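**Q** Have a look at this one before I ask anything.
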Amino acid sequence: MTAELSPIDKAKYAAARRSVDFVENGMKLGLGTGSTAAWMVRCLAEKVKAEGISVTCVATSKRTADLARDLGLTVVGMDDVKWLDLTIDGADEFDPNLNLIKGGGAALLQEKIVATASDRMIVIADAAKEVAQLGAFPLPVEVIPFGWQTTKALIEETLYSLDVLNREVTLRTHRGKPLKTDESHYILDLNLRRIGNPRQLALVLNQIPGVVENGLFIDICDVVVIGNGDGRVTVRDINSGRIEDGTVNLADSGNIFADLGD
Ligand code: 5RP
């Protein structure tokens with residue numbers, strides 16, 4: 001390994017490493033997007049090589065597809081498989097019911113399609129992503145560029161009838177221009193501070209013309225794997241109510257960098 005990982009990267013690595021224990025030979029897998037998901041893709045590639053198993057992957061972004069292919073994983077389109085056994089992805093926030101805010105990496109649309117079309121969704125996160133109530137992280141909403149300012153105004157107006165603490169909506173930019181998603185849409189970030197009723201908000205937002213999808217994942221996630229900087233991991237299953245504590249050997253993260261020639 002070339003450099004010592006930061007505590008947050010160790011936590012992300014720990015969660016990612018533990019999550020690939022759920023992967024079995026022959027599975028069709030959804031691969032998430034973001035820094036934690038990138039760790040998972042590296043751990044998965046290592047597992048596939050070490051155990052000689054075969055998996056078929058659908059990526060939730062071009063970034064993830066490129067990484068997975070570079071590491072030798074088989075990546076196909078969503079329509080090639082139509083349904084998946086398991087999706088493993090990161091999140092920006094998760095609450096006690098495992099409802100999520102996602103889309104910090106602007107991939108929420110493909111992420112929601114892939115997670116919804118999976119028998120099981122596992123979220124991997126560092127402990128800081130756990131919240132009592134969603135909303136401190138700005139909620140990403142993917143919109144069509146045509147008339148986006150009208151869509152923004154409609155969202156702002158709609159927020160007045162909803163249980164949120166703040167109503168600031170901003171267009172996400174990159175190098176001074178509107179950030180474009182893989183589908184060439186825009187992202188509006190809703191700084192709400194607290195979302196009183198995430199289910200209602202998710203439904204109402206998707207009724208607004210111009211909105212493609214929102215970053216609230218309600219009743220989609222089954223399991224969360226929470227990593228800590230010292231290698232401790234907790235696996236929480238919302239369906240069975242089971243909670244399991246364990247430890248990941250952080251020294252193994254060095255192998256991944258070595259394998260990549262990093
Ligand atoms: C991308 C996402 C990511 O999963 C989320 O932003 C978490 O990212 P990271 O693992 O880098 O903290 O939703 O659209």
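**Q** Please find, among I124, I155, the residue that is crowded, with 16+ Cβ neighbours inside 10 Å and assigned by TED's automatic domain parsing to the domain that holds I226.
**A** Details: I155 fails: assigned by TED's automatic domain parsing to the domain that holds I226.
Within the list I124, I155, the selection yields I124.
**Q** Can you say whether A136 is touching a residue at least 12 places away in the same chain (Cβ under 8 Å) and closer than 19 Å to N239 by Cα, as far as the supplied structure shows?
**A** On the way: touching a residue at least 12 places away in the same chain (Cβ under 8 Å): yes; closer than 19 Å to N239 by Cα: no.
Criteria not met by A136.
**Q** Return the total of residues in the range 16-43 being within 15 Å of the ligand (Cβ to nearest atom) and over 18 Å from D252 (Cα atoms).
**A** 5
**Q** Are any residues in the range 69-114 assigned to a helix (DSSP H, G or I) and either within 10 Å of the ligand (Cβ to nearest atom) or not assigned by TED's automatic domain parsing to the domain that holds M27 (or both), and if so, which ones?
**A** Within the range 69-114, L108, L109, Q110, E111, K112 qualify.
**Q** Using the structure shown, decide if V212 is part of a strand (DSSP E or B), buried (at least 21 other Cβ atoms within 10 Å of the Cβ) and at pLDDT 95 or above. Can you show your working first?
**A** Values: part of a strand (DSSP E or B): yes; buried (at least 21 other Cβ atoms within 10 Å of the Cβ): no; at pLDDT 95 or above: yes.
Here the answer is no, as V212 does not meet what is asked.
**Q** Right, something else. When you go through W39, W83 one by one, which is the residue that is crowded, with 24+ Cβ neighbours inside 10 Å, touching a Ser or Thr at 6+ places or on another chain (Cβ under 9 Å), over 19 Å from L108 (Cβ atoms) and at pLDDT 95 or above? Talk me through it step by step, then tell me what you get.
**A** Values: W83 fails: crowded, with 24+ Cβ neighbours inside 10 Å.
Among W39, W83, only W39 is crowded, with 24+ Cβ neighbours inside 10 Å, touching a Ser or Thr at 6+ places or on another chain (Cβ under 9 Å), over 19 Å from L108 (Cβ atoms) and at pLDDT 95 or above.
**Q** What's the number of the only condition in (1) touching a strand residue (DSSP E or B) at 6+ places or on another chain (Cβ under 7 Å); (2) within 16 Å of the ligand (Cβ to nearest atom); (3) under 23 Å from C57 (Cβ atoms) that V212 fails to meet?
**A** Looking at each condition in turn, V212 falls short on (3).
The values are calculated or read from the model by the stated rules, or taken from the named source; none is laboratory data. As the structure is a prediction and not an experimental result, all values here were calculated from the model. Quick reminder, even Gly has a Cβ in these numbers, built from the backbone with ideal geometry, and neighbours come from all protein chains shown.
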